[in-house]
Amino acid sequence: MQKITDNVYVETGNRGCNTGFVVTCEGVVAIDTPMVPEVAKKWAAEMAKYGPVRYVINGEAHPDHIAGNCYLGGTLVAHEGTRDVILSSNINEFKQMFKGMAPGSTPLDTDFKFRPPDITLSERLTLYLGKHTFRLIALPGHSPYQVTVYVPEERVVFTSDNVVTSMPFFRQALPDEWIKSLRYIQKLDFNKVIPGHGEVQDKSYIAQMIKNIETWIGAVAEAIRKGMTLEEAQKNVTMVREFPDLTRNLPMPGLIPMNVARLYEYLKNKA
Ligand SMILES: [Zn+2]
């Protein structure tokens, strides 16, 4: 765990997503939850050293961000779409998926359950706690239900996977909105961004993230312009030249052809 400002702590070394918390004089606010139960329980114990957990916020609905919800307590806040996703999740399917996502971890046991949010938002929600403000802003991109958490007093934003230092993942993405959302984030007044995966970055990284998304859209648009079928595009768009480092360290196998498929479908429908 690293302390990145006076009151913000972040863990970037876990399997699954980055998790963070903000310490206020009236308790702790957590952003995203550890996927592995033993890690989530330790995280809850760590936060308890700084005060009671008052709110937990899910920045998106993907399992690596929400699976630890049941271990953290507090009032859970997320996009209303995240609530729908959690309520319709199949626990047995997730138990299977978990084995692949966290090999070597203790399997999910009987104390695991999907925990849906207690409070939802569809556009904006502001929490005031102690001397801190938490501006929750629905900013679709990586998924339709992304919520960015902006804490002006600490000059930080938590973006979940709208910002990552690894290869961006498009399977449920809204590509044009993603760029718009990143431009919106750029206008906020902050120093540090806590990405969904990878090390904490300075504000300037948002410009790099926009470039990464644009590069992806451009590559698949070019394949469509050349008349490629989806299968041909999946063979040709490898991104090895554009992202030599990121293609060497993919967060999951098959990510590149999945990205191509989503962008191909999206750009075809748009045309
Ligand atoms: Zn995600």
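Each reported figure results from applying straightforward, stated rules to the coordinates on display, with no laboratory input. Treat the numbers as computed from the prediction; the structure is a model and nothing was measured. Please note: Cβ atoms are built from the backbone with ideal geometry, for glycine as well, and neighbour counts cover all protein chains shown.
Things worth noting here:
- Sorted from longest to shortest, the spans of the Cα atoms of the stretch 41-125 along the three principal axes equal 37, 32, 18 Å.
- Rounded to 5, the percent of DSSP beta bridges in the stretch 1-131 classed as antiparallel: 55
- For the cross-link pairs Lys49/Lys211; Lys41/Lys99; Lys41/Lys187; Lys3/Lys187, the ones whose C-alpha atoms lie over 30 Å apart are Lys49/Lys211; Lys41/Lys187.
- Dipole check for the stretch 30-118: with +1 at the C-beta of Lys and Arg, -1 at the C-beta of Asp and Glu, and the Cα centre as origin, the magnitude is about 240 Debye.
- Theoretical FRET efficiency, 1/(1+(r/R0)^6), r = Cβ-Cβ of Glu242 and Ile119, R0 30 Å, to 0.05: 0.15
- Dipole magnitude of the chain about its Cα centre (Cβ charges: Lys, Arg +1; Asp, Glu -1), debye to nearest 20: 260
- Charge tally around Leu255: other residues with Cβ under 13 Å, Lys/Arg +1 each, Asp/Glu -1 each, net +2.
- Selection from Ala207, Pro253, Asn7 lying farthest towards where the dipole of the chain points positive, charges on Cβ: Ala207
- Nitroxide proxy distance, nm - points 7 Å out along Cα→Cβ at Lys211 and Leu129: 3.6
- Electrostatic tally near Asn14: other residues with Cβ closer than 15 Å to its Cβ, Lys and Arg +1, Asp and Glu -1, net -4.
- The stretch 133-271 - Rg and Dmax from Cα coordinates, angstrom: 15.3, 51
- The angle separating the long axis of helix 255-270 from the principal Cα axis of greatest extent in the chain is about 70 degrees.
- Considering the chain at the alpha-carbon level, its Rg and Dmax are found to be 18.4, 59 Å.
- Between the listed residues Leu129, Tyr264, Val36, the Cα displaced farthest toward the positive end of the dipole of the chain, a dipole computed from Cβ unit charges relative to the Cα centre, is found at Tyr264.
- For the chain, leaving out every one of the GluC sites (Glu not before Pro) that falls in a DSSP loop and has at most 15 other Cβ atoms within 10 Å, the longest unbroken run is 27-122.
- DSSP beta bridges fully contained in the chain are about 65 percent antiparallel.
- Amide proton proximity set for Leu76, modelled H, under 5 Å, gap of 5+: Val56, Asp118, Ile119
- Length released on extending from Lys235 to Asp84, taking residue separation times 0.36 nm less the Cα-Cα span: 50.9 nm
- Modelled spin labels at Arg225 and Thr75, positioned 7 Å past Cα toward Cβ, are 5.1 nm from each other.
- Magnitude of the charge dipole for the stretch 112-271, about its Cα centre and with charges confined to Cβ atoms of Lys, Arg (+1) and Asp, Glu (-1), is about 120 debye.
- Among the trypsin sites (Lys or Arg not before Pro) within the stretch 30-108, those in coil by DSSP and having at most 12 neighbouring Cβ atoms inside 10 Å are Lys49.
- Approximate spin-label separation Lys187-Glu93, in nm, with each point projected 7 Å along Cα-to-Cβ: 3.7
- Helical contribution to [θ] at 222 nm, DSSP H n ≥ 4, -39,500 (n - 2.57), averaged over the chain, rounded to 500: -11000 deg cm²/dmol
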